[in-house]
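Below: the structure, in structure tokens.
The values are calculated or read from the model by the stated rules, or taken from the named source; none is laboratory data. As the structure is a computational prediction, the values presented were derived from the model and not from experiment. FYI the Cβ positions are ideal-geometry reconstructions off the backbone, even for glycines, and counts take in every protein chain you see.
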Amino acid sequence: MNFFTRKKSAASAKERLQLVLVHDRTDLTPAQLEALKDDLLKAISKYIEIDPDAVQIGLERDGREQRLVADIPLRSVTRNRAG
Amino acid sequence: MTAQVITVTSGKGGVGKTTAVANLATALAMDGKRVVCIDGDIGLRNLDVVMGLENRIVYDIVDVIEGRCKLKQAMIRDKKYPEMYLIPAAQTRDKNAVSPSDMVRICNDLKSDSDFVIIDSPAGIERGFRNAIAAADRVLVVTNPEVSAVRDADRVVGILEAEEKGNPSLILNRLNPTLVKNNDMLSAEDVLDLLGIQLIGIVPEDENVIIGSNKGAPVVTDAKSRAGQAFRNIAKRLQGQDVPFMDLDSQSGLWSAIQKLTGRK
């Protein structure tokens, strides 16, 4: 392996740990998180039209706090009415 | 005078809990404190050999709990520091011979005649760990800058939070400054960011630690050892003193001399 181009291992250790710790702390597997996202989108779609491809839902950490953060762009309602 | 009960734990085994206990206890004794160490690893006792007291054991903690001896009889006085004692673990029993309330009772009995009670927790998050944290006023979590150790430390911190054991402090053990500089080891900042707890000390990797264990003389007694210095600093912080963190970059020695010569830093 080329010494000058190889990716330094500390960065990948940190990235991998960040992900693992989020799931360890919430006791939620990545598959369960996907299922949660699907259910959440279904529930929201009953009331408002959303853009499913632009939705971002994930767990974030802040110190020892965990947060479920969702960014759900809505489709414009007025434009549909005008048409 | 009432002692502070400090439990040293880690989740993962082999990260340096027992070494940390032996060194912190010895450093506190060197500062004139009265210290009692308790080996909480029933069935796998080791604190006695690391402290060089293995030949003096007559009674152990299970003998105290089951009434075969008085607490004082199970307290082994250190060879060098007469104000430091060890209560050894039983070697032929298992964790179920001790309960959390036994630990609380023993620690309460020790509190009036000592300044610090330091409990060496077994690895894992089961009965032995629960026993070890039951009486703790303060918990120190030991980890290494390595993925499995950090992950297990996070589990332990989560359990301590759930048990409302107060905020634990982190000892980052066996940090290799050269690897960190080359971005091939998690830095102290990385580990603190991941775990989200306060730092009480960084102990650099140091072959003198093994030499100390071999001799049954903890490395804090070696004035030149950098790991010894790090443990002495942590002991001061446990006493409430504000000691600056060591500069781990200013390494002396052959390897760093070679690095300087070749310009590889």
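Odds and ends about this structure:
- Condition met for A:K37 (in a loop (DSSP other than H, G, I, E, B) and closer than 30 Å to B:A153 by Cβ): no
- Residue match in the range A:14-29 (condition: outside any helix (DSSP H, G or I), among the β-branched types (V, I, T) and within 30 Å of B:I197 (Cβ to Cβ)): yes
- In the range B:161-190, the residues that are in a helix (DSSP H, G or I) and either more than 9 Å from chain A (Cβ to nearest Cβ) or basic (K, R) (or both): B:A162, B:P177, B:T178, B:K181, B:A188, B:E189
- Selection from the range B:37-56 of residues that are closer than 11 Å to B:A74 by Cα and buried (at least 17 other Cβ atoms within 10 Å of the Cβ): B:I38
- Single match in A:L59, A:L28 (criterion: more than 13 Å from chain B (Cβ to nearest Cβ), farther than 23 Å from B:S169 by Cα and within 12 Å of the chain's Cα centre (by Cα)): A:L59
- Just so you know, in the range B:218-238 the residues that are in a helix (DSSP H, G or I) and of a type in the set (A, V, I, L, M, F, W, C) include one that is farthest from B:N208 (Cα to Cα), and it is B:L238.
Residue-by-condition table, conditions (1) buried (at least 19 other Cβ atoms within 10 Å of the Cβ); (2) of a type in the set (S, T, N, Q):
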site	(1), (2)
B:G158	no, no
B:S169	no, yes
B:L186	yes, no
B:V203	yes, no
B:I211	no, no
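Residues checked against (1) in contact with a Ser or Thr (Cβ under 9 Å, 6 or more places away or on another chain); (2) within 27 Å of B:M51 (Cβ to Cβ); (3) modelled with pLDDT under 95:
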| residue | (1), (2), (3) |
| --- | --- |
| B:V142 | yes, yes, no |
| B:V147 | no, no, no |
| B:L160 | yes, yes, no |
| B:R174 | no, yes, no |
| B:A188 | no, no, no |
| B:L199 | yes, yes, no |
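- Summed over the range A:40-57, the residues that are out of contact with any Lys or Arg (no Cβ under 8 Å at 6 or more places or on another chain), farther than 30 Å from B:V157 by Cβ and not aliphatic (A, V, I, L, M) give a count of 6.
- Scanning the range B:63-82 turns up no residue that is in a loop (DSSP other than H, G, I, E, B), surrounded by 22 or more Cβ atoms within 10 Å (Cβ to Cβ), free of Cβ contacts under 8 Å to residues at least 60 places away in the same chain and at negative phi.
- From B:V209, B:V141, B:V150, residue being more than 14 Å from every other protein chain (Cβ to nearest Cβ) and under 17 Å from the mean Cα position of the chain (by Cα): B:V209
- In summary, B:R105 fulfils each of the numbered conditions (1) without any contact (Cβ under 8 Å) to a residue 12 or more places away in the chain; (2) under 16 Å from the mean Cα position of the chain (by Cα) with the single exception of condition (2).
- Being under 12 Å from the mean Cα position of the chain (by Cα) and not basic (K, R) holds for only one residue in B:D31, B:D39, B:D48, B:D63, and it is B:D39.
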